[in-house]
Amino acid sequence: MKSISGKIYIKVALAIAIGAIGTSLVTSVLLYINAVSSEQSKAQALIEQIGATIRSTASIALYVQDKELGQEIVQGLVINDLIAGAKLSDSVSLDVTFGVTSGNKGLIKTEIQHPFIPNQTIGELLIYPNRNYIQSIAKQNAVNDALLLLLYSAIVALFVSVFVHKLLTQPLQKLTASFLKIDPRNTETMRTLIHNENDEIGQMVQGINDLMGELKSTLENETDLRIQTQALESKFRLIFEQASAGICLIDADNMISASNPAFNNILPNSSDDTTFIQLFEHVDQLSSLLIRIRNEESVNHLSIDLKCKSLLGENKKWVHCLFSRVTTQRSEVRQSDTGAQGPLIEVIMYDVTERAEKEHKTRFEADHDALTHLKNRRAGEAEIENLLQTVSFLDLSLVVFMIDLDNFKPVNDNHGHDAGDRVLIEVGKRLQTVFDGKNEFCSRWGGDEFVAAYVVNEVNIDEIRALAQSTLDSLRYPIDLSDDVSCTIGGSIGVVIAPTHADNTKDLIACADKTMYRVKQNGRGHFEIFDPDWI
Amino acid sequence: MSKGLRTLMFSVAAMFACQVQADFYVVVQSDNPQAFITKKEAVNLFMGRSRAFSNGDFALIFDLPRDDPKRAAFYLSLTGWAPAKVNSYWSRLMFSGQSMPPQPLPDELAMINIVERNPSALGWLSQPPTNPSLRTILVIKE
């Protein structure tokens with residue numbers, strides 16, 4: 001139960017009562033003012049009537065100058081409550097007074113006619129009304145009226161409050177009670193409210209029932225839909241969580257906003273504060289790819305093989321990633337919610353370490369000589385092509401050594417192919433130590449032929465000669481074939497310089513070949529630098 | 001001579017009046033110095049306002065009995081009042097005890113006798129007085 005002032009019918013009754021009291025008070029004041037004036041005029045009329053009744057006697061008293069009779073008259077007048085005092089006088093000598101004769105307000109003056117001579121004034125009668133009495137009567141009347149009004153107001157307020165209680169509050173209380181039993185989350189509790197009378201409350205109840213019916217069916221539909229959605233969602237969740245592929249979403253700041261267990265298995269190093277890019281070694285490539293997929297409308301999918309960053313001692317891991325821009329309405333809504341820029345990117349990744357390693361191995365095998373592990377001829381040509389481009393682009397020079405071993409065939413013939421292989425491996429190691437810098441390489445061209453090349457800023461013939469000589473010297477050291485057998489070989493080197501002598505691979509190699517044969521013809525064991533004048 | 005003439009004139013007038021209507025005669029003793037009075041003075045005397053003649057001499061006023069029809073006619077002629085009103089008038093004055101109505105006499109003969117003997121007396125008659133010791137000082141027409 002709420003406090004009593006919370007109830008409508010009490011409020012209505014109080015409001016009516018207060019209004020009625022206010023009105024009654026105002027009305028009472030007006031009534032009082034009105035009553036005073038009406039009582040005064042009534043009293044005046046009464047006094048005039050009284051005056052009229054004694055006028056003939058007063059006339060006689062004045063005529064006969066009878067003071068006693070005059071006294072009798074004024075005393076008789078003052079007996080009346082309405083009259084405070086009276087005075088009877090004439091111009092000659094008679095002057096009788098009784099009661100209070102002060103104050104002229106409301107004074108009633110009556111001229112007394114001569115009893116025998118018409119239209120002749122013989123004296124005057126002054127009557128002083130009792131104002132206090134008149135006012136007290138007026139007040140009494142006003143108070144009575146006010147009390148009556150108050151009583152009337154109280155009765156009206158009581159009746160109104162009873163009716164409001166019966167017709168409005170009680171039905172509303174019942175309605176509220178049954179309304180409170182309704183749980184908006186539980187459609188079972190939504191029962192039709194009952195109000196039998198066809199008044200405003202009945203119409204409201206009808207409205208509520210209609211609304212509740214609508215709400216109930218909507219809620220039931222909603223519930224069905226939610227159950228279906230939940231079933232669907234759990235299926236999708238199952239697919240997401242049980243997928244063998246790692247799946248994640250990347251937001252505009254390249255942070256991983258969602259990921260499945262497979263993702264975390266593939267990349268155990270990922271944590272909440274690392275960006276997606278930081279997980280891989282190809283940072284530049286990856287970030288440019290992400291920018292592309294975000295900004296190019298035509299590109300929806302991109303795929304790439306990435307090498308994962310790994311801790312020390314861990315095997316390098318490779319993943320194949322498929323990037324797709326997620327463009328659903330929901331993602332747009334989410335952007336506007338979070339204020340993030342750019343769409344989300346979905347990444348699906350497979351662990352391709354095994355395949356990548358196999359590819360890597362295959363590529364290595366394709367590019368390298370199996371015996372010396374130097375680059376093979378094909379890879380060497382490609383490397384020269386590459387370096388030529390660099391050189392021409394940066395205005396540098398490329399020095400190429402075409403190296404052929406001397407006295408190799410006798411070793412092969414005398415000590416067998418294994419010994420020959422060992423010599424080739426040793427030569428490869430020695431050349432590798434000479435040409436192991438950046439923009440330098442050494443390749444096995446075939447048989448006992450090797451090609452080495454390096455980039456220089458400026459062509460210094462002396463330096464080239466020195467390097468060619470030290471290369472020849474390194475080849476002349478004896479090579480151990482077994483514990484007690486060793487052999488000594490030598491080398492012939494043809495040197496060409498690009499772009500001085502040629503600006504393409506084919507011509508460059510041809511020049512180097514020509515120079516190397518010239519060295520062979522001229523007695524081996526030394527080097528020569530290509531000279532265009534030979535032709 | 002002059003007295004006789006005046007008497008004659010009065011008599012003629014009285015006769016004339018008598019023929020037309022009944023007049024009333026306010027009389028005093030013939031020794032009274034008051035030659036005549038006005039009607040107003042008569043009203044003042046008969047209605048109790050005044051108790052003296054105009055020369056200041058005390059006046060002793062006499063009336064006929066209340067039930068005399070001539071008295072009713074006299075007062076009607078004098079004041080214009082009905083006898084009941086006249087009676088009421090006197091009742092009020094008698095109530096205060098200050099004024100008394102004129103002394104009533106049994107009839108007009110008694111009136112003549114009283115006035116004849118008293119020089120202060122004042123009375124009234126329905127006939128002109130034949131007695132020489134009485135004098136009419138006012139004739140009131142009906």
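The values are calculated or read from the model by the stated rules, or taken from the named source; none is laboratory data. As the structure is a prediction and not an experimental result, all values here were calculated from the model. Neighbour counts run over all protein chains shown; Cβ positions are idealised from the backbone, glycine included.
Is there a residue being over 22 Å from residue B:94 (Cα atoms), outside any helix (DSSP H, G or I) and within 13 Å of chain B (Cβ to nearest Cβ) anywhere in the range A:118-126? Yes, there is a match, as at least one residue in the range A:118-126 is over 22 Å from residue B:94 (Cα atoms), outside any helix (DSSP H, G or I) and within 13 Å of chain B (Cβ to nearest Cβ). Report yes if some residue within the range A:248-264 is of a type outside the set (Val, Ile, Thr), surrounded by fewer than 12 Cβ atoms within 10 Å (Cβ to Cβ) and assigned to a loop (DSSP other than H, G, I, E, B); otherwise report no. Yes, some residue in the range A:248-264 is of a type outside the set (Val, Ile, Thr), surrounded by fewer than 12 Cβ atoms within 10 Å (Cβ to Cβ) and assigned to a loop (DSSP other than H, G, I, E, B).
Note on the range A:73-87: residues that are within 13 Å of chain B (Cβ to nearest Cβ) and buried (at least 20 other Cβ atoms within 10 Å of the Cβ) amount to 2. Counting just the residues of the range A:406-434 that are of a type in the set (A, V, I, L, M) and closer than 16 Å to residue A:374 by Cα, which one comes out surrounded by the fewest Cβ atoms within 10 Å (Cβ to Cβ)? Per the criteria, the residue is A:425. Taking the conditions (1) more than 22 Å from residue B:81 (Cβ to Cβ); (2) surrounded by fewer than 19 Cβ atoms within 10 Å (Cβ to Cβ) in turn, residue A:127 satisfies each one other than (2). Residue B:101 meets the stated requirement of being surrounded by fewer than 19 Cβ atoms within 10 Å (Cβ to Cβ), within 12 Å of chain A (Cβ to nearest Cβ) and in contact (Cβ under 8 Å) with a residue 40 or more places away in the chain. Looking at the structure I just gave you, is residue A:223 surrounded by 11 or more Cβ atoms within 10 Å (Cβ to Cβ) and without any contact (Cβ under 8 Å) to a residue 12 or more places away in the chain? The answer is no for residue A:223. The number of residues in the range B:81-93 that are at the interface with chain A (Cβ under 7 Å from one of its Cβ atoms) and either at positive phi or not in a helix (DSSP H, G or I) (or both) comes to 0.
Scanning the range A:477-535 for residues that are in contact with a Pro (Cβ under 6 Å, 6 or more places away or on another chain) and either touching a residue at least 40 places away in the same chain (Cβ under 8 Å) or surrounded by 12 or more Cβ atoms within 10 Å (Cβ to Cβ) (or both) yields a count of 1.
Checked against the criterion of being within 13 Å of chain A (Cβ to nearest Cβ) and more than 19 Å from residue A:66 (Cβ to Cβ), the candidates B:64, B:60, B:76 yield just one match: B:76. Restricting the range B:12-47 to residues that are of a type in the set (A, V, I, L, M), outside any helix (DSSP H, G or I) and modelled with pLDDT under 90, the residue that is surrounded by the fewest Cβ atoms within 10 Å (Cβ to Cβ) is B:35.
For the range A:292-314, the candidate set comprises residues that are under 14 Å from residue A:347 (Cα atoms) and not basic (Lys, Arg); within that set, the residue that is surrounded by the most Cβ atoms within 10 Å (Cβ to Cβ) is A:306.
All of B:126, B:96 fail the test of being away from every other protein chain (no Cβ under 14 Å), in contact with a helix residue (DSSP H, G or I) (Cβ under 7 Å, 6 or more places away or on another chain) and surrounded by 16 or more Cβ atoms within 10 Å (Cβ to Cβ), apart from B:126.
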